[in-house]
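A short worksheet on the structure shown next.
The values are calculated or read from the model by the stated rules, or taken from the named source; none is laboratory data. Because the structure is predicted, anything quoted here is derived from the model rather than measured. Every residue, glycine as well, gets a Cβ built from its backbone with ideal geometry; the counts of neighbours run over all protein chains shown. Protein only, heavy atoms only, side chains kept; ligands, DNA and RNA dropped before computing areas. Shrake-Rupley method; radii C 1.70, N 1.55, O 1.52, S 1.80 Å.
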Amino acid sequence: MRPTPPDVLRPRLPSPLQHVEDDRFARRGVRLLLKRDDLIHPDLPGNKYRKLVLNLRAAADAGHDTLVTFGGAYSNHLRATAAAGRILGLATIGVVRGDELAGRPLNPSLARCAADGMRLHFVDRSTYRRKSEPETLAALLRAADAGAAYVIPEGGSNTLAVRGCTALGEELREHTDVAAVACGTGGTLAGLAAGLGPDRRALGIPVLKGGFLGADIAALQRGAFGEPTGNWRLDERFHGGGYARIPPELLAFAEDFERRHGDATGLFVERLYVAKLLYALTALCAEGAFPSGTRLTAVITAAGEESFGEPVGA
C-alpha cells in the first residue's frame, strides 16, 4: 500500500503552545500565547502543512504524480509545495507571477523551490490575475505542460485546505479566548475560526492591502462548511505597504521582539507574516482592544529563518 502523506511527512502535532511574559500585554491584563505551528515540520511549517496535507492525500488517492500551484516571487506556499514534492517523490510545477523574472537570477525563495525540484513557469501579471477563470487556467496549464497535474490554488487555499486548518482551532479551543493569525489568502483563518467554535474569536491580520479578503474567507467557509461562521474579523491596518514589504518600524519591532523573547522561546520572527501579526497584536493591546483576562494566542505560521522580503520602496 502506498504510504499516505502524513505517514511520510511525520508532522509534530499538536504544535507547542508557549506563554510569553511581555509587559506590553501584562499591564493590560492580557495573557499572550504563541501557537508554534512553525515547528510542525522543518520543510512545511505551520499553516503550509495544515493546508497542504489533505490536498496531498487527494492527489495521492487520485494517482497524480505531479502537482502544479501558483505564487509570487516570495511565496512561502511555493517553497512548501516544492519541499512536499521532493519528500513524497512528486514532480512539482510553480506558476510564478511576473514574466519579467524569467531569465533573471532567482531570488533565495525561488532558488529554494528550484533546488527542491520545482519547475518554474513565469507568466505576465495580467494573465496571472485571471488564473481563476476556467479558460485562462486551462491555457496556463497547457503552457506549463501541466495538463495532467493535480492543481493546488495560490496559497493552497481551497475547501480541503480550510478543512485541514480546522484542527488548529480544535487544538486551541480550550486554551484561548482570541486566536489571531496573519492572512495571505485567508484559508487558515477560515479553518481556524470553524475549529475554535462559536464561543471563541478568531482575528485575521491581512499582509496584503486591498480590502478583498473578507469576501474570500466567507466564500471559503461556504465551500467547506455550507455557510460562514460568525466568530472572526479582520483588521486591515497592518499590511505594512503590501505583501513582502517590510517597513523600517516593522523590522525594528521584529528585532526587538527577538531580543525580548528569543532566548526563552527560540523564536526567530519571520518578517512577511509573523512580524506583522505580532506588531498588530501589540498595537491592538495598547488600544485596549482585548479586555483584561483575555487569553490571546498568536499563531506562528512561518519559520523565521526562511523569511525573504524587500524593504518598502524597493
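In a reduced charge model with +1 at each Lys and Arg Cβ and -1 at each Asp and Glu Cβ, the chain shows a dipole moment near 260 debye about its Cα centre. Computed over the Cα atoms of the chain, the ratio of the radius of gyration to the Kirkwood radius (Rg/Rh) comes to 0.95. Computed over segment 88-136, relative contact order equals 49 percent, with contacts defined as Cα pairs under 8 Å that lie 6+ residues apart. Evaluating 6.51 cos²θ - 1.76 cosθ + 1.60 at θ = phi - 60° for every residue in segment 172-187, the Karplus couplings come out as 9, 3, 8, 10, 9, 9, 10, 10, 10, 8, 6, 10, x, 9, x, x Hz, glycine and proline recorded as x. The residues of segment 38-176 have, on average, 40 Å² of accessible surface per residue, using a 1.4 Å probe with all protein chains present. With contacts taken as Cα pairs under 8 Å and at least 6 residues apart, segment 167-314 reaches a relative contact order of 28 percent. Positive-end ranking of 108, 32, 42 along the dipole of segment 26-148, with charges on Cβ about the Cα centre, is headed by 32. Calculated [222 nm] ellipticity per residue, helices only, for the chain: -12000 deg cm²/dmol; basis is -39500 (n - 2.57) per DSSP H run with n ≥ 4, divided by all residues, nearest 500.
Put simply, the convex hull of the Cα atoms in segment 160-280 casts, on average, a shadow of 7.5 nm². Compared with the direct C-alpha span, the chain from residue 104 to residue 263 gains 53.4 nm at full extension, assuming 0.36 nm per residue. Which distance in Å, rounded to a whole number, links the C-alpha centroids of segment 210-238 and segment 251-271? First find each Cα centre; the distance between them is then 29 Å. The relative contact order of the chain comes to 21 percent, based on Cα pairs under 8 Å that sit 6 or more residues apart.
Charges were assigned to the Cβ only: +1 to each Lys and Arg, -1 to each Asp and Glu. The resulting dipole of segment 5-93 about its Cα centre is roughly 320 debye. For residue 122, the residues whose amide H sits under 5 Å from its own are 96, ignoring neighbours fewer than 5 places away on the same chain, with H placed 1.01 Å from N.
Phi angles across segment 32-38 convert, under the Karplus curve 6.51 cos²θ - 1.76 cosθ + 1.60 with θ = phi - 60°, into 3J(HN,Hα) values of 8, 10, 10, 8, 7, 5, 5 Hz, Gly and Pro given as x.
Rounded to whole numbers, the Karplus 3J(HN,Hα) couplings from phi for segment 264-269 are 6, 10, x, 8, 9, 6 Hz, using 6.51 cos²θ - 1.76 cosθ + 1.60 with θ = phi - 60°, and x at Gly and Pro.
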